[in-house]
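A short worksheet on the structure shown next.
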Amino acid sequence: MHCQLNEVQSFCHTVAWVRVNPMSGIIDILQDAKVPPQTKDEGENSVCQASIYNAAVQDSGTYYCIATDREHMYLGNGTAVTVHADSTVMPSVDIMAFTSNNNHDSTVTLQCTVGGSAPSQVFVYWLIGSRKEHGQTLVVWEEGEENSVKTLNNLAISAEEWKIEGQCTCVVKFGGWMFNATLHHYGK
């Protein structure tokens, strides 16, 4: 990770690194052992570095550098870090549909949940009939025996379209693999 000190009169040895836990929101200070030692020349640079060695799942979070010039504190933009345990397991794909009715319109929200892989490793889209839709992708952290992260992709369509098309397919690309799961509309 890098911390750029442009326009800040500070040195790398005075920069603190903190992590915001993605599930609890608790702020942890990065221990000195994880920040590489700075030489005098590097200490005068405007870019400071920190590394995470032997990263584990619990090292996931958003990391910020904090610099001070004795009068003010400056907070970096943050770097999101997600660490996953090594796994040879293919991702899981679950789909659901939620309906909502109001006076003007009935909407169906399609939700595709992908687990067991890093969000950056999957690409999710929907096939509504022959039309391709991307939906809105969210990342959700879950606590439990093993902390995990899931990718959710939501797409809202009209109830009429859901009824006419009869089915909607969530397509997940993972590495060289492609998975899909299909929801069918069953009329009354």
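The values are calculated or read from the model by the stated rules, or taken from the named source; none is laboratory data. Just so you know, these numbers come straight off a predicted model, no measurement behind them. All accessible areas refer to the heavy atoms of the entire protein, side chains included, with ligands and DNA or RNA removed. Shrake-Rupley method; radii C 1.70, N 1.55, O 1.52, S 1.80 Å.
For LEU75, LEU183, LEU5, LEU138, what's the largest-to-smallest order of accessible area, 1.4 Å probe?
I get LEU75, LEU138, LEU183, LEU5, largest accessible area first.
Go through ILE157, ILE27, ILE52 and list them by solvent-accessible area, largest first, probe radius 1.4 Å.
Greatest to least solvent exposure: ILE27, ILE52, ILE157.
Sorting HIS2, HIS72, HIS185 by accessible area (1.4 Å probe), largest first, what list results?
Listed by decreasing accessible area, they come as HIS2, HIS72, HIS185.
Need one value: the accessible area of VAL47 in square angstrom, 1.4 angstrom probe, rounded to the nearest 10.
VAL47 has an accessible surface of roughly 50 Å² with all protein chains in place.
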